[in-house]
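The values are calculated or read from the model by the stated rules, or taken from the named source; none is laboratory data. Just so you know, these numbers come straight off a predicted model, no measurement behind them. Here the Cβ is made from the backbone with ideal geometry for all residues, glycine too, and neighbour counts use every protein chain on show. To get the accessible areas, we keep the full protein, side chains included, count just its heavy atoms, and leave off ligands, DNA and RNA. Shrake-Rupley method; radii C 1.70, N 1.55, O 1.52, S 1.80 Å.
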Amino acid sequence: MPKAESASNEAIMLINDNPGQETRIAIMRGGRLDDLLSERPATATSVGNIYRGRVTNVEAAIQAAFVDFGHGKVGFLHVTDLHQKYFPGETKKEKIGKKTPRSERPPIQDCLKKGDIIDVQVIKEGIGTKGPTLSSNLAIPGRYLVMFPWQDGAGVSRNDVDEEVRRKTREIVKSLEKPHEDAGLVARTAAFGKTATDLKRDVAYLKRLWKTIETRIEKAGVPCELYTESDLVLRTIRDQLGPEITKIVVDSESAYERVTAFLSVVAPRSAPPVVLYDRPTPLFHAYRVEPQITELLQREVPLKSGGALVIDQTEALVAIDVNSGRSRSAKDAETNAYSTNCEAIDEIARQLRLRDLGGVVVLDLIDMRLQKQRREIRDRLEKAMEHDRAKKTIGEIDRFGLLSLTRQRMRPGVDKEHFRECDVCHGRGRIRNGDSLGSENLRQAAFLLSRDEVGSVELVCHPEVAAALFASRRQEFVALEEETGKALHVRVNDRMIRDQVDLYAYDERGADLPIEKFKDEPVPKFEHLQKEAELRADAVEQDEDDETNSGSGRRRRRRRRKAGPADAAAVALSEDLQRELEEIEQEELRAEAEAAARAAWVAVLEGKGEDLPKIASLADRKASSSNDASSPDESGSGGKRRRRRRRRRGSSDDAS
């Protein structure tokens, strides 16, 4: 099994701060970008903020409530994220780490009503049209501890550490004075190995923070913001600073002062050295970070072996395809697939963290036949994601070579921060061609021209659409005007986007008609269509009879045309084929008659008194088949056409 890339555990934190514009933080391991965080004022996250909001709607069908907490979109609160204090008649406190199961929770419609006031915290940003996800189980983080208001108990992080260290840390947490009598405490991973004095300093910070929140609750209205997370710099120092980060480099004096002041409070003895960078070369260029950031904005990520990852993000899931590309280092296809998958798994874990891809993630790996190799690839991914702070669940590789996993989204992804939806394709990556657009809008114009109140229609489009329309649909265009007797105008506008077409309808006086107010006509009944077809057939037959009676009886000589290609429909409907089929049927009847006659003579000679078989004539068979088909030859248009053909053949025979 190929070894994973061995990067040094030591890391350096680079802080590029442009006050009022953008803040970027990169964590480098062995010269390679391991984590990237960035924030602009326009894209600042609200995850972790606490609000007092008002319930706007309760949906029993999905067991969720929608809460207005002062942002543009209402938040989504599921019943599993509802605190126990909102349960009807509930007096017990919820224990830390022991969340009430879904089966034991009352329906959300019994807990909340429209207009109720509720305290919530944003736990996930909204995507697309979806609003943020909320929880009423509040959590206020410090450097080493997390305070849970209205919960009881003390606990420690679930990360894998030595059990003795966990036990000592739990005893220290239990001995601490609570920031509030109705609050619980949980030690974070950074608290392992710290002294009681370090944790007491954190408690003092959380206590002051909670008093500020209580004051805000008493004086502010609804909706309002109760608690705002720190800026990106202090938030990253608080959450990600660990023993593996041995250096911090900052290129802004204001950020340098904030970092040193914050570290003197939360980690006065264990803080790494902080250096102010003051050189003409930008910080991220000096440490070769910018080229690696550029790769994050690409859809395709190259691998060292010659393969590549193709990453596509949709609203439902993230799809990552592993392509072998030019990877040919192995001696056979199976070994090549396995080695490429190993390299791809290491890079996928890194890309998930750097791009903060969340939700359902599906990896389309190169097919491997051996079950042992599939298990090793799955275990390799789990190990590569050990240092990922996001919650994740990794599945197994199925028989199609797909590996599915779920990952918690920690912040707005790279796509949301650096890209916006295309005004032309709206995120699809392609636009319709001119021929397709022209055909569709020509059909729509035909519908408008069929309305009695419409006198003319104007079609406004891009020059490319107009060119395609006149190149391939000119005859249809002219025929539509002749059939309706109304005008269809095409106006070219080169400022329109390529796949936009606007239709305008006018009455006979040239006044605008509101197309959106046109009502659809009722769906036609099949019986009415049949009657209309019969009337048209009778009218055509009458016109032919009048033309025959008024003329001299001579047929107009037609110009002989060159023979065209075989047409299946024309051959099937030709009169010659009909006569040939009738002759075949007559031969079949004569054969049946001869067989029946022979059978009758045999029966007479043997002296049997059984009834002789009856022989159906061609006329009887035709009459029987016409009765079975509900007499279409008598009343339908098909029968009339056949009668007309027989009369023509008869007249031609008489003439000859």
Open to solvent by less than 90 Å² (accessible area, probe 1.4 Å) and under 21 Å from ILE348 (Cβ atoms) - does that describe any residue in the range 432-452? no
Where in the range 205-312 are the helices (runs of 4 or more DSSP H), entirely inside, with at least 3 residues that are aliphatic (A, V, I, L, M)? 232-240, 253-266
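Would you say THR133 is within 26 Å of LYS392 (Cα to Cα), modelled with pLDDT of 90 or more and surrounded by 12 or more Cβ atoms within 10 Å (Cβ to Cβ)?
So THR133 passes the test.
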Quick one: is ASP332 surrounded by fewer than 19 Cβ atoms within 10 Å (Cβ to Cβ) and more than 22 Å from MET385 (Cα to Cα)? yes
Cβ-Cβ under 9 Å pairs, at least 6 apart or on other chains, the range 439-462 side within 13 Å of VAL501 (Cα to Cα), far side of a type in the set (S, T, N, Q) and not in a helix (DSSP H, G or I): VAL460/ASN493; VAL460/GLN500; CYS461/ASN493; CYS461/GLN500; HIS462/ASN493; HIS462/GLN500
Unmet criterion (only one of (1) under 30 Å from GLU508 (Cα atoms); (2) over 26 Å from the mean Cα position of the chain (by Cα)) for GLN373: (1)
Of all residues being charged (D, E, K, R), at pLDDT 85 or above and more than 30 Å from ASN441 (Cα to Cα) in the range 503-556, which is farthest from the chain's Cα centre (by Cα)? Just the residue, please. ASP538
Within the group ARG167, ARG201, which residue is without any contact (Cβ under 8 Å) to a residue 12 or more places away in the chain and either surrounded by fewer than 15 Cβ atoms within 10 Å (Cβ to Cβ) or among the basic types (Lys, Arg) (or both)? ARG167
Residues satisfying the stated conditions in the range 473-504, i.e. of a type in the set (Asp, Glu), over 28 Å from ASP423 (Cα atoms) and open to solvent by less than 80 Å² (accessible area, probe 1.4 Å): GLU481
Going by what's in this entry, would THR246 be described as surrounded by fewer than 18 Cβ atoms within 10 Å (Cβ to Cβ) and among the polar types (S, T, N, Q)? yes
Restricting the search to the range 170-198, which residues are crowded, with 18+ Cβ neighbours inside 10 Å, in contact with a strand residue (DSSP E or B) (Cβ under 9 Å, 6 or more places away or on another chain) and within 17 Å of GLY242 (Cα to Cα)? ALA187, ARG188, ALA191, LYS194
If GLY126 satisfies every condition in (1) open to solvent by less than 70 Å² (accessible area, probe 1.4 Å); (2) of a type in the set (Gly, Ala, Ser); (3) under 30 Å from ARG269 (Cα atoms) but one, which is the exception? (3)
Please enumerate the residues belonging to the range 453-472 that are out of contact with any helix residue (DSSP H, G or I) (no Cβ under 6 Å at 6 or more places or on another chain), more than 23 Å from GLY510 (Cβ to Cβ) and either among the basic types (Lys, Arg) or open to solvent by less than 30 Å² (accessible area, probe 1.4 Å) (or both). HIS462
Select the strands (runs of 3 or more DSSP E) contained entirely in the range 1-114, then report the ones holding at least 1 residues which are under 16 Å from LEU134 (Cα atoms) and touching a residue at least 12 places away in the same chain (Cβ under 8 Å). 50-59, 64-68, 75-78
Restricting the search to the range 381-392, which residues are open to solvent by 20 Å² or more (accessible area, probe 1.4 Å) and either modelled with pLDDT of 90 or more or over 24 Å from the mean Cα position of the chain (by Cα) (or both)? GLU382, LYS383, ALA384, GLU386, HIS387, ARG389
Return the residues of the range 50-94 that are acidic (Asp, Glu) and open to solvent by 40 Å² or more (accessible area, probe 1.4 Å); say none if nothing qualifies. GLU59, ASP68, GLU90
Can you tell me which residue is farthest from ASN18 (Cα to Cα) among those in the range 229-243 that are of a type in the set (S, T, N, Q) and open to solvent by 10 Å² or more (accessible area, probe 1.4 Å)? GLN240
Say we look at the range 95-115 and pick out the residues that are within 23 Å of TRP210 (Cβ to Cβ), among the charged types (D, E, K, R) and out of contact with any Asp or Glu (no Cβ under 7 Å at 6 or more places or on another chain); which of these is least open to solvent (accessible area, probe 1.4 Å)? LYS99
Mind checking whether some residue in the range 122-136 is more than 24 Å from THR43 (Cβ to Cβ), outside any strand (DSSP E or B) and not charged (D, E, K, R)? yes
Taking the residues in the range 313-354 that are within 25 Å of LEU37 (Cβ to Cβ) and in a strand (DSSP E or B) as candidates, determine which candidate is farthest from the chain's Cα centre (by Cα). ILE320
So which pairs qualify, if the first residue must be in the range 347-367 and in contact (Cβ under 8 Å) with a residue 60 or more places away in the chain and open to solvent by 10 Å² or more (accessible area, probe 1.4 Å), the second must be among the aromatic types (Phe, Trp, Tyr) and part of a helix (DSSP H, G or I), the Cβ gap must be under 7 Å, and the two must be at least 6 apart or on different chains? none
With the range 355-412 as the region, which strands (runs of 3 or more DSSP E) entirely inside it contain at least 1 residues that are under 24 Å from GLY242 (Cα atoms)? 392-397, 402-407
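Residue-wise test of (1) out of contact with any Leu (no Cβ under 9 Å at 6 or more places or on another chain); (2) among the hydroxyl-bearing types (Ser, Thr, Tyr); (3) outside any loop (DSSP other than H, G, I, E, B); (4) modelled with pLDDT under 85.
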| site | (1), (2), (3), (4) |
| --- | --- |
| CYS422 | yes, no, no, yes |
| CYS425 | yes, no, no, yes |
| ARG432 | yes, no, no, yes |
| SER439 | no, yes, yes, yes |
| ARG443 | yes, no, yes, no |
| ALA446 | no, no, yes, no |
| LEU469 | no, no, yes, yes |
| GLN475 | yes, no, yes, no |
Which of the following residues is among the small types (Gly, Ala, Ser) and at pLDDT 85 or above: ALA61, ALA7? ALA61
